[in-house]
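The values are calculated or read from the model by the stated rules, or taken from the named source; none is laboratory data. Since we're looking at a predicted model, the values are computed, not measured. Here the Cβ positions follow ideal geometry from the backbone for every residue, glycine too, while neighbour counts run over all protein chains shown.
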Amino acid sequence: MTVDEILAPEDALVGLRAASKMALLEAVAGRAADRLGLAAEAILAPVARREGLGSTGVGDGVALPHARLEGLDRPFGLLARLRDPVDFDAVDDRPVDLVFLLLLPVDGEARNLNALACVARWLRDPGTAASLRAARDAAALHAVVGGRA
């Protein structure tokens, strides 16, 4: 599985604003809900539950909130570059400015682990993060996904 199989061009956002970690989770859950035709709470609740187990702020200004969701038949991603970094209780205590929300089907354990590992590996690459931060707009942000930036 590759990131471009998970993230559609319309699911890349630049300039998202949030005042706190919870406001950020609410914002990305709301956007994902609109795209998936679900109630925002149906996404926010499992994402917040997972976040309660430990921060998904993986370091270097990146967060990878994720959860399993009933009714999904394939992984869904939403990538946001924030206008201003937000404290996310990340492992390195740095605020987060890149967020990749990953929603996974309830079944398909191997595929889910593959999707999570794929996105995490991609986001941890310093060149990828730098390219995402340099993207002028959502199209340029998504172009990084396919290595076209």
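Those residues that are touching a strand residue (DSSP E or B) at 6+ places or on another chain (Cβ under 7 Å) and either modelled with pLDDT under 95 or among the aliphatic types (A, V, I, L, M) (or both), I need them from the stretch 36-47; list them, please. I'd like the intermediate steps shown before the answer.
Restricting attention to the stretch 36-47, the residues satisfying the condition of being touching a strand residue (DSSP E or B) at 6+ places or on another chain (Cβ under 7 Å) are 36, 43, 46-47.
Scanning the stretch 36-47 gives Leu36, Ile43, Val47.
Is at least one residue of the stretch 3-18 outside any helix (DSSP H, G or I), touching a residue at least 12 places away in the same chain (Cβ under 8 Å) and acidic (Asp, Glu)? For the stretch 3-18, residues outside any helix (DSSP H, G or I), touching a residue at least 12 places away in the same chain (Cβ under 8 Å) and acidic (Asp, Glu): absent. Within the option set Val62, Val58, being surrounded by fewer than 21 Cβ atoms within 10 Å (Cβ to Cβ) and in contact (Cβ under 8 Å) with a residue 40 or more places away in the chain holds for one residue only, Val58. Look at the stretch 114-142: where a residue is more than 15 Å from Leu101 (Cβ to Cβ), no partner that is of a type in the set (A, V, I, L, M) and exposed (fewer than 11 other Cβ atoms within 10 Å of the Cβ) sits 6+ places away or on another chain with Cβ atoms under 9 Å. If you check Asp60, Asp84 for being out of contact with any His (no Cβ under 7 Å at 6 or more places or on another chain), at pLDDT below 95 and within 23 Å of Asp137 (Cβ to Cβ), only one passes: Asp60.
In the stretch 96-122, the qualifying residues are those that are closer than 27 Å to Gly71 by Cα and touching a Phe, Trp or Tyr at 6+ places or on another chain (Cβ under 6 Å), and the one that is modelled with the lowest pLDDT is Val119. Checked across the stretch 48-56, the condition of being within 14 Å of the chain's Cα centre (by Cα), modelled with pLDDT of 95 or more, of a type in the set (Gly, Ala, Ser) and over 20 Å from Ala143 (Cα atoms) holds for at least one residue. Within the stretch 78-94, the set of residues being surrounded by 15 or more Cβ atoms within 10 Å (Cβ to Cβ) and under 26 Å from Arg35 (Cβ atoms) comprises Leu78, Leu79, Ala80, Arg81, Leu82, Val86, Phe88, Ala90.
Restricting Ala33, Ala40 to those that are within 15 Å of Ala67 (Cα to Cα), without any contact (Cβ under 8 Å) to a residue 12 or more places away in the chain and over 11 Å from the mean Cα position of the chain (by Cα) reduces the list to Ala33.
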